[in-house]
Each structure stands twice: as structure tokens, then as C-alpha cells.
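First the structure, in the form of C-alpha cells, and then the observations on it.
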Amino acid sequence: MPRGFLIALEGIDGAGKTTQAKLLVKWLKSNGVEAVYTSEPTESEIGQIIKRHLRNIRRRYSEEAIALLFTADRLYHIEKVITPALNKGKVVVTDRYVHSSIAYQTVTTGRRKWIEQINSIAPKPDLSILIDLPVNQAIKRIKTRRKHLYEKHRFLTKVRREYLRLVKNGQMTLVDGRGDRLTVNKRIVDRVYEKLINKNIIFRY
């Protein structure tokens, strides 16, 4: 059976990743493609530690420790969810993946090369999409949520800069995240459609 296809949707908090990942899976299934939605951090024990850390203003762990936990959680994700689905020929859509670590943990640790090194063990996504949204707009979307480190304006500005660097380096594909969710979904679908046609996973209308 041909290997499936791994799509990662990335972006700063408030960019709409979860909504768009689920809309993309819905579109894929409506076109006869076996698709799976998944996300990081996972629901594993490691993922739960990470989530508690992100919710807690008073951090219990160093940022280097959290970076390693993200990597460990990703390896669990790959082993238990992503690889089995890909081996069955499915399209996997993940809400955050390796480029989230590179963008976020580069900012939190200031150690880009080390972050890239510890994440190099993860298989590269077949398509990594940055849903790009200006920080001011992202902050407006998340203003009703509890504020913590990962939602500060200055911090998100730095993270967005790291994401845009990855786009410039050719590691990610940029999609404009401004507009209503269906407009953004259409932009994402257009990018995904051509990739899947080239892989004979989906056929032209």
C-alpha cells in the first residue's frame, strides 16, 4: 500500500489552526480521501505535563526541559498515531508539529541550533502550512482566554518571526490567515489540492 501524506498546520496562538485542521479533514473526507485529525501536545502523560506547564504562569520546568518534553511527546505521537495512519495510506492532518517546536522553543530557549538538532529525529511533513496572522489580530481572537506566556504580544511577535524565517527558507508554505474561516479554508485547500494531485491521492474535479 502506498504511504499516506502528512500535513502540518502551524501558526501562532489565535491563527485558527485547530478550526482549519478540522475543516481540512472534513474536505478531504468529502472528496473520498481517508483522513485523520490529530494534534500536539498529545493526550499522553508527557503531553499532559506540557499542557499543565503552558497553563501555569509560575513555570515548574526550565524551557530546555520543556523543549525535550515536546520532542518526547512528538516521538510518541509519531509512533502511536502518525506512522500507523501513514502506513495505511491515510492523509494525516496534524494541528502543530515539528515547526511549532522550532519556532516556539527557539524563542523560549534562544538555542535555535539545539532545537533543530533535537527535532531532527522527527520525519519531515510532506506539507507544512503556516497560517499567518498579524499578532494584533491573533491577540484579539484569544483575548477571552487565560493569559499566559504563550499569548504575550512580544512573545508571539518573536514566534511569528521564526515561522516566517522557516517560510523564507523553503521549509513551510504560507497561507494568509486573515478573513473568515471559510475564506482561509479555501486558501489551504488550494495548496493541499495540488500536492495531493501530484501524489495521485486525489484526482482533478
Any pair with Cβ under 8 angstrom, 6 or more apart, that starts in region 50-70 at a residue that is modelled with pLDDT under 90 and ends at one that is hydroxyl-bearing (Ser, Thr, Tyr): HIS53/TYR61; LEU54/TYR150
Residues satisfying the stated conditions in region 85-138, i.e. closer than 19 Å to ILE188 by Cα and of a type in the set (Asp, Glu): ASP95, ASP126, ASP132
Filter result for the condition that a residue is in a helix (DSSP H, G or I), at pLDDT 95 or above and over 25 Å from VAL192 (Cβ atoms), over ARG165, ARG74, ARG161, ARG154: ARG161
Subset of region 1-19 [assigned to a helix (DSSP H, G or I) and touching a Lys or Arg at 6+ places or on another chain (Cβ under 7 Å)]: LYS17, THR19
Pick from region 1-36, criterion without any contact (Cβ under 8 Å) to a residue 60 or more places away in the chain and buried (at least 18 other Cβ atoms within 10 Å of the Cβ), ranking: nearest to the chain's Cα centre (by Cα): VAL36
Count of region 166-205 residues which are farther than 19 Å from GLY14 by Cα and charged (D, E, K, R): 7
Every residue from region 153-193 that is basic (Lys, Arg) and touching a residue at least 40 places away in the same chain (Cβ under 8 Å): LYS158, ARG160, ARG178, ARG181, ARG191
Selection count where residues are out of contact with any Gly (no Cβ under 9 Å at 6 or more places or on another chain), in contact (Cβ under 8 Å) with a residue 24 or more places away in the chain and either buried (at least 22 other Cβ atoms within 10 Å of the Cβ) or not acidic (Asp, Glu) (or both), scope region 84-95: 2
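The values are calculated or read from the model by the stated rules, or taken from the named source; none is laboratory data. Note that the coordinates shown come from a computational prediction; the quantities given were computed from them, not determined experimentally. Counting neighbours? That spans all protein chains shown, and the Cβs are built from the backbone with ideal geometry, glycine included.
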